[in-house]
Amino acid sequence: MIALPGYQIIPKIYESAKSHVYRGIRKQDNKPVILKVLKQDYPTPGELTRYKQEYSLLRGLNIHGVIEAYDLQLVKNTLVMILEDFGGDSLLSAIGERQFTLSEFLDLAIRITEILGELHKAAPAQIVHKDINPANIVFNSTTGELKIIDFGIATILSRSNTSLKNTAVLEGTLPYMSPEQTGRMNRSLDYRTDFYSLGATFYQLLTHQPPFATTDAMELVHCHIAKQPLPPHELNRDIPQAVSAIVMKLLAKTAEERYQSAGGIKADLELCLTQLQTQGNISEFALGSQDISEKFQIPQKLYGREQEVETLLKAFDRISQGKTEMMLVAGYSGIGKSALVQELYQPITRKRGYFISGKFDQFQRNIPYSAVVSAFGELVRQLLTESEAELNRWRSQILAAVRPNGQVIIDVIPEVELIIGPQPAVQELGYTETQNRFNLVFQNLIRVFCQQEHPFVIFLDDLQWADSATLKLIDLMMTDPDTHSLLLIVAYRDNEVSPTHPLTIALEENALRARCANEKQGAIVKQINLRPLNLEQITQLIADTLHSDRERVRPLVVGKTEGILSL
């Protein structure tokens, strides 16, 4: 229990992963308040900054359906946010106590959608909540007031990129999280992520269960990105198919397939409520007739890369069966090499694999293994978010692989020490012997992660700027007969690589040795060459962007782009 001068604190009413929530009374005017306190006694600077940002965001909003922030106070080493208390309880609590009638659901759904629409239009910047769920919607059944709370991870960015992270550090509430918010969809995040979470919330209000019932975090992520939930009307025959269809449209896997505006959602919900009130039932109708987006959105799916994606996915399937392959991805700068590789996020999630990436820099070509160091630093950070039991398992396996030369790896990849701890010093050797020793220990290390139960994908970008030590390491990885379930993807700008470039020579030698080492299985080095999109592909992209057809936009494409566009 906290002590805050000027406030009478009532026992805790809620506890999240990062905060405690109390009810209280402000003594000066006997006003009921909510006190939200950071959980840790010594919060990190990042957590304190986020709390201040949440308070600042709430103070800047003037939306009746959003909880009001009164004050932010420093208490000892932590922060306490004082918020409005209008006597409500979360919809999550209400779901556990009662069944909303269809009319009550539609009324609540319309009002929640209205508030969300106001958030997405908020000035001076649009707000994306990123954590819409029944626990963050508070309803006072006596007064009828309804408000959205908890803006701890809200953002004012119109679009942000997500990365593939361990499920333990994902931002948001996993059962309601959009596919793109998991970081495994190769799609950036915008306001439409809230529509997916809204759909998951509606789903639970109607059926008393979230769209996916599993409690396994990785399985839940896979469900969000790849599986369709059972439509609500199939779980409860009293739910009209039109209402069920609205929810399922909100739960579409890609943002382009969902509603594009809160106004479009509200219009369909209001039509359902009107039909229910006037004729006692709800008939099916075409959804989204008034769903007009106020924002210019270019579709995020890949165009003209179907064959290349298929090649990459087949390679991943093979390494999931124990093979080892290298995929060369060549193309001009900005043509979409990274976007292509990120299409592997979904199958990696399905197979519970690991994906790490590093990028070479033309101004760091004298630094050995720079991209490899970056990639494995990322892997260490992923492992550090695992449970203690899982981390101990990794620690044991890594130590068994690198002893007695663990310090050799730490000297190059310092983050490894965070897992295995300090290691004894190693004997000093000459340059060539030192490099050979590192290569040997690194091979042992990489085998730890290359397992059929969790295939391993390494992506190294801008290989045209790689150092000779890295090229040698790649050669060793690809010719090691004891390494399995590894897909090494290297991307480079082929227009900057001549026939006499060190990379060209190294890749040719590597491919030859790989073929010899895997004579019975055939070549394991394959190449994808990305070219600019053709006229038809550009036309389709623009037609989808403008919600038109190809014939209508074709004069625009030919006239303005001359058929040239790189993605």
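The values are calculated or read from the model by the stated rules, or taken from the named source; none is laboratory data. None of the values given here were measured: they were computed from a predicted structure. Positions of Cβ are generated from backbone atoms using ideal geometry, with glycine treated the same way; all protein chains shown enter the neighbour counts.
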(message) Given the options V75, V33, V80, V37, name the one that is in contact with a His (Cβ under 6 Å, 6 or more places away or on another chain), in contact (Cβ under 8 Å) with a residue 40 or more places away in the chain and more than 26 Å from F202 (Cβ to Cβ).
(response) V37
(request) Output the number of residues of the range 33-68 satisfying the condition of being under 10 Å from L79 (Cα atoms), of a type in the set (A, V, I, L, M, F, W, C) and in a helix (DSSP H, G or I). (result) 1
(message) Just to check your reading of the model, which residue among L273, L269 is buried (at least 21 other Cβ atoms within 10 Å of the Cβ), in contact with a helix residue (DSSP H, G or I) (Cβ under 8 Å, 6 or more places away or on another chain), in the same structural domain as V243 (by TED's automatic domain parsing) and not acidic (D, E)?
(response) L269
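The rows are residues; the columns are (1) under 30 Å from N529 (Cα atoms); (2) part of a helix (DSSP H, G or I).
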{"position": "L269", "(1), (2)": "no, yes"}
{"position": "T274", "(1), (2)": "no, yes"}
{"position": "S283", "(1), (2)": "no, no"}
{"position": "G288", "(1), (2)": "no, no"}
{"position": "I292", "(1), (2)": "no, no"}
{"position": "F296", "(1), (2)": "no, no"}
{"position": "G304", "(1), (2)": "yes, no"}
{"position": "V309", "(1), (2)": "yes, yes"}
{"position": "K314", "(1), (2)": "yes, yes"}
(request) For I82, indicate whether it is part of a loop (DSSP other than H, G, I, E, B), among the hydrophobic types (A, V, I, L, M, F, W, C) and buried (at least 16 other Cβ atoms within 10 Å of the Cβ). (result) no
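Here's the yes/no breakdown for (1) touching a Pro at 6+ places or on another chain (Cβ under 6 Å); (2) farther than 30 Å from D238 by Cβ; (3) without any contact (Cβ under 8 Å) to a residue 24 or more places away in the chain:
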{"residue": "I63", "(1), (2), (3)": "no, yes, no"}
{"residue": "Y70", "(1), (2), (3)": "no, yes, no"}
{"residue": "E84", "(1), (2), (3)": "no, yes, no"}
{"residue": "L91", "(1), (2), (3)": "yes, no, no"}
{"residue": "G96", "(1), (2), (3)": "no, no, yes"}
{"residue": "E104", "(1), (2), (3)": "no, no, yes"}
{"residue": "I110", "(1), (2), (3)": "no, no, no"}
{"residue": "L116", "(1), (2), (3)": "no, no, no"}
{"residue": "L119", "(1), (2), (3)": "no, yes, no"}
(message) Could you check the range 113-147 and list, in sequence order, the residues that are in contact with a Leu (Cβ under 7 Å, 6 or more places away or on another chain) and among the hydroxyl-bearing types (S, T, Y)?
(response) T113
(request) Could you tell me which residue of the range 456-470 is surrounded by the fewest Cβ atoms within 10 Å (Cβ to Cβ), considering only residues that are of a type in the set (A, V, I, L, M, F, W, C) and more than 13 Å from M327 (Cβ to Cβ)? (result) A469
(message) Only one of L473, L440 is among the hydrophobic types (A, V, I, L, M, F, W, C), assigned to a helix (DSSP H, G or I) and surrounded by fewer than 19 Cβ atoms within 10 Å (Cβ to Cβ). Can you tell me which?
(response) L440
(request) Select, from F151, F139, the only residue that is in contact with a His (Cβ under 7 Å, 6 or more places away or on another chain) and modelled with pLDDT of 90 or more. (result) F151
(request) Can you tell me which residue among V21, V37 is at pLDDT 85 or above and under 18 Å from D89 (Cβ atoms)? (result) V21
(message) Among the residues in the range 211-233, are any assigned to a helix (DSSP H, G or I), modelled with pLDDT of 95 or more and either of a type outside the set (D, E, K, R) or surrounded by fewer than 18 Cβ atoms within 10 Å (Cβ to Cβ) (or both)?
(response) yes
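Residue-by-condition table, conditions (1) in the same structural domain as H454 (by TED's automatic domain parsing); (2) more than 28 Å from D461 (Cβ to Cβ); (3) surrounded by 13 or more Cβ atoms within 10 Å (Cβ to Cβ):
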position	(1), (2), (3)
I367	yes, no, yes
F376	yes, no, yes
L379	yes, no, yes
S387	yes, yes, no
V408	yes, no, yes
I419	yes, no, yes
Q423	yes, yes, yes
V426	yes, yes, yes
(request) Would you please list the contacts, defined by Cβ atoms under 6 Å and residues six or more apart or on different chains, that run from a residue in the range 363-384 that is small (G, A, S) to a residue that is part of a helix (DSSP H, G or I)? (result) S370/Q364; G377/E415
